[in-house]
1. In what sequence do 27, 149 fall when counting other Cβ within 10 Å, fewest first?
2. Suppose each label sits 7 Å from its Cα in the direction of the beta carbon; what would the residue 2-residue 106 distance come out to in nanometres?
3. Say each of residue 153 and residue 58 gets a label point 7 Å from the Cα, pointing the same way as Cα to Cβ; how far apart are those two points in nm?
4. At 0.36 nm per residue, minus the direct Cα-Cα distance, what do residue 115 and residue 80 gain on full extension? Give it in nm, one decimal, please.
5. Efficiency by 1/(1 + (r/R0)^6): what FRET value for residue 127 and residue 40, r their Cβ-Cβ distance, R0 = 30 Å, to the nearest 0.05?
6. Based on alpha-carbon positions alone, could you give the equivalent ellipsoid semi-axes of the stretch 3-151 from the gyration tensor, as √(5λ), descending, whole Å?
7. Using alpha carbons only, how many degrees (0 to 90, rounded to 10) separate the axis of helix 3-12 from the longest principal axis of the chain?
8. What do you get for the angle between helix 138-151 and the principal long axis of the chain? Use alpha-carbon atoms, 0 to 90 degrees, nearest ten.
């Protein structure tokens, strides 16, 4: 199944489903904690908070963590964005916040442009967020391209 198909299926369940499809596709799932590309212990679909090497999770625990983290990311988007937006844009931004965190999002040019009404400029900013530890990562390039495409739906 390709990403477009997963997002389309996710759309049936709304923003949470679309966001989950994006996050799951790009994060993958690991039931054993590992170090991400910048050395942060990570578990399930990119969960880092409170994770240490050696931690393990069941698929059910990963499902619960994913749902919790998706809600946290989407709530952050809802708190920070002060302009109306379609579900596709909200899902794209939810995936972005899931990955970079609310703090980075709240200080971003992307958010400033979006709240100023420059939606096209805001969505274009996603393409700049492709570095981790000072290195451009192919996975982030692909993820941001997908997020940007979803962000720009309807423009």
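1. 149, 27
2. 3.9 nm
3. That separation, rounded to one decimal, is 3.4 nm.
4. Here the segment from residue 115 to residue 80 would lengthen by 11.7 nm.
5. 0.85
6. With the √(5λ) rule applied to the stretch 3-151, the semi-axes are 24, 17, 14 Å.
7. Taking Cα atoms only, the helix is inclined about 80 degrees.
8. Between the helix axis and the principal axis of the chain, the angle is about 40 degrees.
Quick note: the coordinates plus some simple rules give every number you see, no bench work behind them. From a predicted model like this one, the values you see are computed outputs, not experimental measurements. Neighbour counts run over all protein chains shown; Cβ positions are idealised from the backbone, glycine included.
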